[in-house]
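Engineer: My questions will all concern the structure given below.
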Amino acid sequence: MLKESEKTITRLQKSLDIVIITASWLGAYALRFKYIPNAESGLFLEFFKVGLVLAFISYFIFERYQLYTSYRFSSRFAEIMNSIKANFTSFVALVFFLYFLKLEKISRIHLGVYLFLSSFGLIFARIFVRKILKSLRKKGKNLRHVLLVGTGDNITDYIEAVRKSRDSGISFLGWIDSNGAHEKYNIPKIELSYQEFIKEKTPDNVVVSYGPENSKKLSDFIKENYNDLISIQVLPDLSYSLVGHSIEDFLGIPLLTLNEPNVSILEYYLKAFIDFTASLLTIILISPLLFIVAILTKLSSPGPIFYFQERVGLGGKKFKMWKFRSMRVASNDEDKVTWSSKDDPRKTKFGSLIRSTSIDELPQLWNVLKGDMSLIGPRPERPFFVDKFKNEIPNYMLRHKMKAGITGWAQVNGWRGDTSLEKRIECDIYYIKNWSILLDIKIVFLTIIKGFVNKNAY
């Protein structure tokens with residue numbers, strides 16, 4: 001019964017979102033042209049068709065951003081932020097769609113009004129639905145009754161997360177095999193066996209957790225009770241850091257995939273397209289600056305204009321990274337494995353200037369254009385340091401799960417140059433876990449505001 005009600009809520013939420021997207025698009029039309037359109041108008045029909053395409057795009061992107069997972073498992077703030085990210089991603093996809101079709105009649109004002117209306121509508125709808133569900137749960141309706149089984153450490157994390165959440169709507173029926181932990185959380189201890197208990201009461205879910213030392217208990221429990229018509233949820237013992245995980249069915253065999261970034265094919269190609277387009281346009285726009293820096297680099301000391309260094313990128317693949325040369329030729333030895341310091345005697349005067357302003361990094365736009373790098377991502381490191389750090393710093397290699405970037409979350413937060421390597425890795429992992437088009441745009445703006453000139457860049 002509970003599952004059916006949750007499916008109904010999900011269907012209603014999806015339908016409501018489609019209505020909001022379509023109404024926002026047509027509402028933006030009405031506000032733009034200051035009248036209610038005639039359904040037979042050719043211009044209106046063109047706008048209406050685009051609105052249908054937008055609703056279709058939004059549906060799949062909203063699914064991708066998991067906007068329709070149960071309200072029980074996410075906070076209000078997280079859901080609102082997810083809605084904004086999903087809506088903005090669908091908006092970016094729409095802009096590219098309009099660009100390719102060359103639909104010039106749709107103005108920037110229309111697009112801006114639509115983005116505002118749709119974002120406001122989606123946020124309001126989610127707050128409204130949560131209010132209704134919260135009201136129902138206060139009356140004892142739409143609750144999920146859960147039976148706990150096992151002594152795994154993470155079962156207490158689960159209990160605390162439920163107790164902290166205002167929207168979980170989870171009620172604990174009791175705890176089997178609690179090893180005394182039930183007293184701390186004021187949850188009834190069940191003396192009956194599992195089979196005896198479910199004959200008296202039928203839980204909506206059973207949450208099971210046993211540590212590695214009791215793995216046989218876990219497998220025995222699942223084998224013995226798998227045929228019961230009750231949903232069994234297993235809390236896996238995954239205490240180490242993950243950048244992403246998923247469960248898939250492989251020829252009838254469940255596979256838990258770890259450390260895969262939470263990026264869809266659509267988002268991957270959208271990011272790649274933005275990288276290519278933005279890097280090409282930027283190279284064209286700043287070509288006078290690049291030309292001037294190239295001449296001054298050549299005049300600053302004998303040697304080539306560019307400096308190429310081997311770095312490690314996506315999937316551990318090595319590539320040649322471009323930079324404006326900032327050191328004397330005799331010092332630019334790729335075999336050297338030392339980091340530059342503030343008073344490094346190898347730097348030229350002009351080299352110090354372009355390093356402190358990060359202008360020496362601009363040729364990496366060519367790396368982005370070639371596909372070796374992205375505009376935004378973890379900064380690439382030299383192979384020597386990668387081999388060194390992967391054995392010294394936990395989770396270091398996870399930063400190679402996405403393309404290396406010219407700038408990144410670590411850089412805009414001040415973790416560059418001679419700063420804590422652990423903090424940089426922490427920022428890189430955060431970026432990979434939480435990647436979105438919106439986060440990339442935020443990093444671009446932060447880079448413009450404070451990222452180019454940095455006291456740690458030398």
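Engineer: From the list ALA55, ALA28, ALA23, pick out the single residue that is surrounded by 14 or more Cβ atoms within 10 Å (Cβ to Cβ), modelled with pLDDT of 70 or more and touching an Asp or Glu at 6+ places or on another chain (Cβ under 9 Å). Lay out the reasoning, then the answer.
Structural biologist: Working: ALA28 fails: touching an Asp or Glu at 6+ places or on another chain (Cβ under 9 Å); ALA23 fails: touching an Asp or Glu at 6+ places or on another chain (Cβ under 9 Å).
When all the criteria are applied, what remains is ALA55.
Engineer: Inside segment 142-170, can you point out the residues that are of a type in the set (Lys, Arg) and either over 26 Å from the mean Cα position of the chain (by Cα) or at pLDDT 80 or above (or both)?
Structural biologist: Within segment 142-170, the first condition is being of a type in the set (Lys, Arg), and the residues that meet it are 144, 163-164, 166.
The answer is ARG144, ARG163, LYS164.
Engineer: Can you say whether ARG325 is touching a strand residue (DSSP E or B) at 6+ places or on another chain (Cβ under 9 Å), in the same structural domain as ASN434 (by TED's automatic domain parsing) and at pLDDT below 90, as far as the supplied structure shows? Spell out the reasoning first.
Structural biologist: Working: touching a strand residue (DSSP E or B) at 6+ places or on another chain (Cβ under 9 Å): yes; in the same structural domain as ASN434 (by TED's automatic domain parsing): yes; at pLDDT below 90: no.
No; evaluated as a whole, the condition is false for this residue.
Engineer: Find all pairs meeting these conditions: Cβ atoms under 6 angstrom apart; at least six residues apart or on different chains; first residue within segment 279-296 and modelled with pLDDT of 95 or more; second residue not in a helix (DSSP H, G or I).
Structural biologist: Pairs found: none.
Engineer: Take SER107 and decide whether it is crowded, with 17+ Cβ neighbours inside 10 Å and at negative phi. Walk me through how you get there before you give the answer.
Structural biologist: Working: crowded, with 17+ Cβ neighbours inside 10 Å: no; at negative phi: yes.
It is false that SER107 is crowded, with 17+ Cβ neighbours inside 10 Å and at negative phi.
Engineer: Name every residue in segment 167-210 that is in contact (Cβ under 8 Å) with a residue 60 or more places away in the chain and either closer than 30 Å to LYS131 by Cα or surrounded by fewer than 16 Cβ atoms within 10 Å (Cβ to Cβ) (or both), in order of residue number.
Structural biologist: Residues satisfying the conditions are ASP167, SER168, GLY169, ILE170, ASP204, ASN205, VAL206, VAL207.
Engineer: May I ask you to say which residue of LYS164, LYS138, LYS134 is over 30 Å from LEU218 (Cα atoms), surrounded by fewer than 12 Cβ atoms within 10 Å (Cβ to Cβ) and charged (D, E, K, R)? Outline the logic, then answer.
Structural biologist: Numbers: LYS164 fails: over 30 Å from LEU218 (Cα atoms); LYS134 fails: surrounded by fewer than 12 Cβ atoms within 10 Å (Cβ to Cβ).
After applying the criteria, what remains is LYS138.
Engineer: Taking GLU426 as meeting all but one of (1) at pLDDT 85 or above; (2) under 24 Å from PHE88 (Cα atoms), write down the number of the exception.
Structural biologist: (2)
The values are calculated or read from the model by the stated rules, or taken from the named source; none is laboratory data. Not measured: the values here are computed from a predicted model. In this analysis, Cβ positions are derived from the backbone assuming ideal geometry, glycine residues included, and neighbour counts consider all displayed protein chains.
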